[in-house]
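The values are calculated or read from the model by the stated rules, or taken from the named source; none is laboratory data. It should be emphasised that the depicted structure is a prediction, and the values quoted were computed from it without experimental measurement. Every residue, glycine as well, gets a Cβ built from its backbone with ideal geometry; the counts of neighbours run over all protein chains shown. Note: areas computed on protein heavy atoms with side chains; ligands, DNA, RNA excluded. Shrake-Rupley method; radii C 1.70, N 1.55, O 1.52, S 1.80 Å.
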Amino acid sequence: MRMRESNEEEKKSVCVMDASGPLGHALVARLLRRGYTVHAATYPHHHHHPEEEYQQHPRLKLFRADPLDYHAIADAVHGCSGLFAIFNTPSSSQSQSHSCFLDEEEGMVEAEVRAAHNILEACAQTDTMERVVFNSSVTAVVWRPQPEEDDDAALQLDENTWSDLTFCRRFKARLWHALAKTLSERTAWALAMDRGVDMVAINAGLLTGPGLTAGHPYLKGAPDMYDHGVLVTVDVDFLADAHIAAYECPTAYGRYLCFNNAICRPEDAAKLAQMLISAAAAPRPPAPPSDELKVIPQRIHTKKLNKLMLDFTSGVYGDIN
């Protein structure tokens, strides 16, 4: 499957699905600037009107999709050479407003897996499709039983590491986000390999910025993630740039851990806690004193992504902006 070099060939159509969240907005804006025709597909949300979110643009087409409706997904990706697949897992405070999902967390896990299956199947049936960039999570990488011995090499995690499904199910009450992300990504990879779809996965840290609250399911295991040196966050601009690079760079392959902030120091943890408290509508207890925490060695890195971004920003495939 041949990827085009963006500064030499006419830009084609790409789809961003779900385009309603912060990452979706950032991707749509970047792709339009880079000359693509963009299919902005949004999932059904309570009181959500995509036509009010995006200004009219001659290369922007709006679609309403449903992660559980294969035909709606197929309509949105029809004629596209690429898909940026995003599933915005609702926080505990949002779940009641997502009418297409069951209220229970187990239902959300099932919905995310079904969405991954429908998306990859639709792409496999799209003759023009060249690459899928699948937005996954660091939580599909880091959750596993700790080694019995304090072996530093065994504690290091990279793109070859997967969260342990048995472990996630055992602690499902707080690790259902990890379970959903791991199962959905594995489903996507299995179908991509079976159907011959060129796919790249971005395993992102916690997306920070407006709208982040303490109810985000990623944060249910935050204390343990901090203790194990794998609590990481990413801002939307960095994450969007990584997705663009993964799509346009012909050498991109496999999975990429993606974050630009590792929370390994007490002051970093206190800063994140304060951010969450400030975003809350109701008063919350003050952030824990940083002297209650200790500095933790970072055990997760972005070496593979750093190389991809260096190759991409070298100018061979065009300016990232």
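Can you compute the FRET efficiency between ASP194 and LYS294 using 1/(1 + (r/R0)^6), with r the Cβ-Cβ distance and R0 = 41 Å? Round to the nearest 0.05.
Step by step, r from the Cβ atoms, then E = 0.35.
Taking SER184, SER13 and ordering them by how much accessible surface each has at a 1.4 Å probe, largest first, produces SER13, SER184.
In this structure, the amide hydrogen of PHE63, modeled 1.01 Å from its nitrogen in the peptide plane, lies closer than 5 angstrom to those of ALA40, ALA41, THR42, counting only residues at least 5 positions away or on a different chain.
For the range 38-43, the Karplus equation 6.51 cos²θ - 1.76 cosθ + 1.60, evaluated at θ = phi - 60°, returns couplings of 10, 8, 8, 9, 10, 7 Hz by residue, with Gly and Pro reported as x. For the range 238-244, putting each phi into the Karplus relation 6.51 cos²θ - 1.76 cosθ + 1.60 with θ = phi - 60° gives couplings of 4, 5, 5, 4, 5, 5, 4 Hz, in residue order, rounded to whole numbers and with x for Gly and Pro. Across the range 222-227, coupling constants 3J(HN,Hα) worked out from phi with the 6.51/-1.76/1.60 Karplus curve, θ = phi - 60°, read 4, x, 5, 4, 4, 4 Hz, and Gly and Pro carry x. The lysines whose alpha-carbon is closer than 28 Å to the alpha-carbon of LYS61, local same-chain residues fewer than 8 away aside, are LYS11, LYS12.
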